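Have a look at the structure below, then the notes.
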Amino acid sequence: MPPGEEILVHARDLTKRFSGFTAVDRVNFDVRTGEAFGFLGPNGAGKTSTMKMIACSSPVTDGDLSVIGMDPRTQAAQIKARLGVVPQTDNLDAELTVLENLLMYARYFDIPMSVARPRAADLLAFMQLSERAKDQVEPLSGGMKRRLTIARALINEPELLILDEPTTGLDPQARHLLWERLYRLKQRGATLIITTHYMDEAEQLCDRLVVMDKAKIVAEGSPRELIERYSTREVLELRVPEAVRAGLMERLDGLAERIEELPDRYLLYAADGEQALEQVHAREIPTESALVRRATLEDVFLRLTGRSLVE
Amino acid sequence: MAAIAVPNRRTSSAIAGAARVLQRNLLVYRRTWRGSVFGSFLTPLLYLTAMGIGLGSLIASGGSTVLGGVDYLHFLGPGILASSCMQTASFESTYPIMGKISWRRNYEAILATPLQVHHLLIGELSWIAFRMLSMSSAFLFVLTVFGIPRSPLALLAIPAAMLTGLAFAAPIIAFAATRHNDSGFAALFRFVVNPLFLFSGTFFPVSQLPDAIEWVAAATPLYHGVALVRGAVLDTMPATWPLHLAYLLVFLGVTAVIAERLLRRRLVK
Ligand SMILES: Nc1ncnc2c1ncn2[C@@H]1O[C@H](COP(=O)(O)OP(=O)(O)O)[C@@H](O)[C@H]1O
Ligand SMILES: [Mg+2]
């Protein structure tokens with residue numbers, strides 16, 4: 001097979017149940033080497049449960065799963081040796097320093113100290129943490145802890161890096177730095193699996209993604225494909241005075257391919273948003289504000305589930 | 001048992017994996033050892049001075065037959081050694097283990113690597129064994145300063161005290177694996193550890209107790225630990241020593257298997 005076509009993670013009817021409750025319901029997906037593959041979905045969709053099965057830290061309830069050509073049921077330790085895992089909540093060793101966290105983690109992988117030391121130094125430099133090498137972990141900022149967790153996940157030079165909500169809870173600056181580092185990793189040929197409920201994160205980082213909702217995968221494709229398939233190119237967001245809302249859907253009829261009525265605004269899906277806005281004005285519909293923007297994965301999710309990604 | 005990762009190398013991998021978990025605790029200990037070593041010398045010093053000499057002076061010297069013909073100081077010293085190991089091992093098996101399970105989730109991080117639950121358990125037990133080793137060595141040194149040991153056989157008190165500690169560590173780790181907060185630990189110390197400290201032959205021979213309580217005491221590991229440690233230190237090893245030893249080993253083995261099961265149930269979902 002040519003590079004990039006090899007399948008690293010293969011799931012068929014993959015299912016996870018917790019004492020009767022189904023967290024992941026017969027999902028199918030394939031992750032290829034060298035791609036950044038996303039799981040986009042709101043809280044409780046089953047993203048973490050899926051990641052834990054891939055990471056072999058949670059047993060598969062039902063269905064088929066293969067990771068790097070191996071079976072998590074019987075070869076968990078061999079698979080884990082070749083994975084990097086960044087859990088949703090950091091679990092750094094608070095009793096060790098930044099550098100010790102990396103060195104000790106290397107020892108868990110049975111990596112000799114002589115190899116671990118230079119590798120840890122490289123990773124700290126890459127994650128811009130070199131100055132903090134001798135510091136304790138606790139006083140680090142959220143963004144730094146996250147970067148250290150990613151550095152730790154890279155200590156065994158994994159073939160597959162699993163990131164569960166890598167930037168949730170971080171401020172915008174810290175998020176952008178992380179995205180930039182992850183993008184660099186991707187360029188070096190790393191295979192990434194990323195879960196997120198931020199559509200901008202999915203659009204920025206993922207070559208392909210699945211949209212997950214209520215334990216199921218509801219759509220799959222590249223961000224561009226998904227937007228083309230489930231949305232229009234542009235969206236006109238309208239806010240109108242309260243008094244105008246009654247009967248407004250009829251007045252807007254025909255101005256867009258599709259119109260969503262949200263509690264605080266209307267979304268008009270149209271190939272040309274400006275033109276739709278002109279027609280709104282032509283029909284003398286009073287507006288408080290109007291914004292034409294490109295369609296995003298948020299619109300795809302809204303279309304598929306009738307709800308927003310982040311409540 | 002869950003899937004065994006490397007069947008042909010299971011034993012060596014179990015030791016190597018557990019060694020990493022031990023290594024991690026030693027790395028942390030490098031920063032805190034001074035306080036704990038200081039305590040290892042201070043505890044016996046305080047007990048032997050206050051109770052062995054202070055209280056012991058009120059007890060007929062020359063030793064009553066009940067005490068096996070020795071001074072109270074000599075009777076008490078090895079008993080406190082065994083009990084201190086029980087207390088330290090018990091403490092190490094409660095809050096620190098709970099912290100690694102749920103507060104700091106160290107185990108979650110380690111289980112994302114090729115290490116498995118039995119490595120965690122064996123590693124933690126090895127760590128506690130190391131603590132028992134350094135504690136009981138310091139303790140034996142203080143006993144020697146007080147002139148208590150009667151022969152080189154006293155050195156056997158060290159492995160006996162380690163085994164006593166481990167026989168508490170394994171069941172208490174099992175207990176900790178079932179807890180979702182630390183409220184059970186205060187009860188554990190109040191209703192199990194401290195009563196055993198008082199009634200398992202540390203301060204007076206269990207034979208002084210009513211028969212029913214004597215049987216209860218004899219069913220707990222501390223009683224057997226005290227018997228072995230005292231026998232070694234005073235060179236009065238009872239003929240029943242193989243029974244005491246077997247009891248402690250079986251108790252440790254069975255509770256360690258239970259601990260592994262409960263840890264797995266807690267950590268692998
Ligand atoms: N250990 C567990 N026991 C019971 N239910 C769980 C457990 N872990 C997750 N769940 C449930 O499974 C569902 C999916 O959770 P999760 O995979 O964490 O979703 P996401 O990561 O997309 O937010 C949620 O309803 C959650 O409450
Ligand atoms: Mg999650």
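A few comments on the model shown:
- Cα point-scatterer Debye curve for the range B:68-164, base-10 log of I(q)/I(0) at q = 0.15, 0.26 Å⁻¹: -0.67, -1.32
- Listed residues A:Ala256, A:Leu209, A:Ser57: farthest to the positive end of the dipole of chain A (Cβ charges): A:Ser57
- Per residue Cα convex hull volume in Å³ - calculated over the protein assembly as shown: 203 Å³
- Pairwise centroid distance, computed over Cα atoms, of the range B:197-237 with the range A:236-262, Å: 85 Å
- Electrostatic dipole magnitude of chain A [Cβ: Lys, Arg +1; Asp, Glu -1; Cα centre; debye, to 20]: 960 debye
- Per residue, the solvent-accessible area of chain A (1.4 Å probe, heavy atoms of protein chains only, all protein chains present) comes to 44 Å².
- Chain A: DSSP helices with Cα axial extent of at least 18 Å and average Kyte-Doolittle hydropathy no lower than 0.0: A:113-126
- Semi-axis lengths (Å, descending) of the ellipsoid that matches the C-alpha gyration tensor of the range A:1-133: 30, 18, 15
- Karplus-derived 3J(HN,Hα), 6.51/-1.76/1.60, for each residue of the range B:222-239, Hz, glycine and proline x: 4, 3, 6, x, 4, 4, 5, 5, 5, x, 6, 5, 8, 6, 10, 4, x, 5
- Size of charge dipole - the range B:70-267 - debye, nearest 20, with Cβ of Lys, Arg +1 and Asp, Glu -1, no other charges: 620 debye
- Across peptide A:152-164, the mean count of Cβ atoms from other chains lying within 10 Å of each residue's own Cβ comes to 1.
- Positive-pole candidate from B:Ala256, A:Leu148, A:Ser19, dipole of the protein assembly as shown, charges at beta carbon: B:Ala256
- Here the protein assembly as shown is assigned +1 on the Cβ of each Lys and Arg and -1 on the Cβ of each Asp and Glu. Its dipole about the Cα centre then comes out at about 2020 debye.
- For the protein assembly as shown, with all protein chains in place and a probe radius of 1.4 Å, 58% of the accessible heavy-atom surface sits on carbon or sulfur.
- Here is the size of the range B:114-269 from its Cα atoms: Rg then Dmax, 16.8, 54 Å.
- Put the Cα centre of the range A:34-48 next to the Cα centre of the range B:87-140 and the gap is 35 Å.
- For A:Val218, the residues whose modelled amide H falls within less than 5 Å of its own, excluding neighbours fewer than 5 places apart on the same chain, are A:Val211, A:Met212, A:Asp213.
- The calculated P(r) of the range A:232-294, using every Cα pair and 10 Å bins from 0, goes 24, 64, 12, 0 in percent.
- Per residue, the convex hull around the alpha carbon atoms of the range A:7-228 comes to 120 Å³.
- Simple rule: put +1 on each Lys or Arg Cβ and -1 on each Asp or Glu Cβ in the protein assembly as shown, find the dipole, and look at B:Phe175, B:Tyr29, A:Leu8; the Cα lying farthest toward the positive end is B:Tyr29.
- 3J(HN,Hα) couplings calculated from phi for the range B:172-188 with the Karplus curve 6.51 cos²θ - 1.76 cosθ + 1.60 (θ = phi - 60°) are, in sequence order, 6, 4, 4, 5, 4, 5, 9, 8, 10, 8, 8, 5, x, 6, 4, 5, 4 Hz; Gly and Pro show x.
- Around the amide H of A:Ala23, modelled in the peptide plane, lie the amide H atoms of A:Lys16, A:Arg17, A:Phe18, all under 5 Å away and 5 or more residues distant in sequence or on another chain.
- Column: log10 I(q)/I(0), Debye, Cα scatterers of the range B:114-156, q = 0.20, 0.33 Å⁻¹: -0.67, -1.05
- Total lysine pairs under 13 Å (Cα atoms) in chain A, excluding pairs fewer than 8 apart on one chain: 7
- For the range A:211-217, 3J(HN,Hα) computed residue by residue from phi via the Karplus equation (6.51, -1.76, 1.60; θ = phi - 60°) reads 9, 10, 8, 6, 6, 10, 8 Hz, glycine and proline entered as x.
- Cα-based convex hull volume of chain B per residue, rounded to whole Å³: 140 Å³
- Centre separation in Å (Cα based) which lies between the range A:147-216 and the range B:29-85: 58 Å
The values are calculated or read from the model by the stated rules, or taken from the named source; none is laboratory data. Note that the structure is predicted; figures quoted are calculated from it, not measured. Neighbour counts are summed over all protein chains in view; Cβ atoms, including those assigned to glycine, are modelled from backbone coordinates with ideal geometry. SASA here: full protein model, heavy atoms, side chains in, ligands and nucleic acids out. Shrake-Rupley method; radii C 1.70, N 1.55, O 1.52, S 1.80 Å.
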